[in-house]
Amino acid sequence: MNEVKKINDSLVLMEDFKKEQPSFRTSITAIDEFGDVLFSMEHNMVVLGGAITVLEKMWNVRSQLMVDTINNIADIDPAVQPATELLPADDYVCLWGVGIGGAGDAFGSVRDVKYYEREIGQNMHTTQMVPFRVVTSKLTGDDAEKYWLMKDLGNGYYAYYGKTFESEPFIRSLWRDGAEGEDGTEVTEDVYMTDRTEDIETFVEMHLKLEKKDIREWFEMNGEIEQARVNTIGLFTARKVANTGGDGYHYENVKLFSKFNFDSEPLQHAKTLLLIYRVYSA
């Protein structure tokens, strides 16, 4: 079974702490292999660490508040983090991860994302990030270029907690002239001469693919395949650097940029999900 999920964010660096509204307006639409909409909802939360990274990069200044990295929190390459005085010039949104702490067992029990969260699946100070892959030997070939943030579990298994996007992100600018739920027409270079009155929206689009082996191996290793599920998706900023000696690469300074909780998607039966993720500038 193949399903397509469409996720939209709006880049508005404002935060209403009293109402606990997300700093980025979002909408998420899930579409199955037949083109049917499975669900459509809001909101995705750009968390504190993501907002700080954006502002640091745009203004080239270091925030006094330092948000810890996934590397340190999850003990994944914690010793290779850059010095804190360095600006995140080479950090960008390049990885995503998944978790099981975003909702309870009952339908409609989705947990709110808190602006101050720094982890996937954070619930009552317990991290519930789960790996995409759990294998008995380190990945090689194409898989080694797709799955990252490897951790030796110490029991003969290696877990991979990060994954790259299915394709390169791209930016689009559209007139808001489409029917409800549909994209508008492309904005052209002569837009400065236009007499049109519709608004324009600009966004970056990323494609995230959850494959049949993803996540399920973790539950199989723990003898809980009937509990296989996902209910949290997060985007990470990071920088890709060469390993000491030039043998391969790793990601460092990995920080949670945004997070979306939803009702659990069951994975006890193998399926492929394609997520179309958009981040809007306004």
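How large is ³J(HN,Hα), in whole Hz, for each residue of the stretch 87-93 in order, when computed from phi with the Karplus curve 6.51 cos²θ - 1.76 cosθ + 1.60 and θ = phi - 60°, using x for Gly and Pro?
7, x, 4, 9, 8, 7, 6
Using Cβ counts within 10 Å as a stand-in for footprinting exposure, how do 147, 192, 115 rank, fewest first?
The most exposed by this proxy come first: 192, 115, 147.
Can you give me the distance in nm between label points at residue 56 and residue 111, each placed 7 Å from the Cα along the Cα-to-Cβ direction?
2.6
Sort 267, 256, 87 so that the residue with the fewest other Cβ atoms within 10 Å of its own Cβ comes first and the one with the most comes last.
87, 267, 256
Find the relative contact order for the stretch 229-278 and round it to a whole percent, using C-alpha pairs within less than 8 Å whose residues are 6+ positions apart.
Across the stretch 229-278, relative contact order equals 43 percent.
Where does the charge balance sit around residue 119 when Lys and Arg score +1, Asp and Glu -1, over other residues with C-beta under 12 Å from its C-beta?
Summing Lys/Arg as +1 and Asp/Glu as -1 gives +2.
Would you mind ranking 57, 114 so that the residue whose beta carbon has the fewest other beta carbons within 10 Å leads the list?
Going from least to most buried by this count: 114, 57.
For residue 166, list long-range residues whose amide hydrogen, built 1.01 Å from N in the peptide plane, is under 5 Å from its own amide hydrogen.
207, 208, 209
Report, in whole Å, the centroid distance computed from the Cα atoms of the stretch 215-282 and the stretch 150-176.
Computed from Cα coordinates, the inter-centre distance equals 6 Å.
Values quoted throughout were computed directly from the atomic coordinates according to the rules given, and no laboratory measurement underlies them. Nothing here was measured: the structure is a model prediction, and the numbers come from that model. Every residue, glycine as well, gets a Cβ built from its backbone with ideal geometry; the counts of neighbours run over all protein chains shown.
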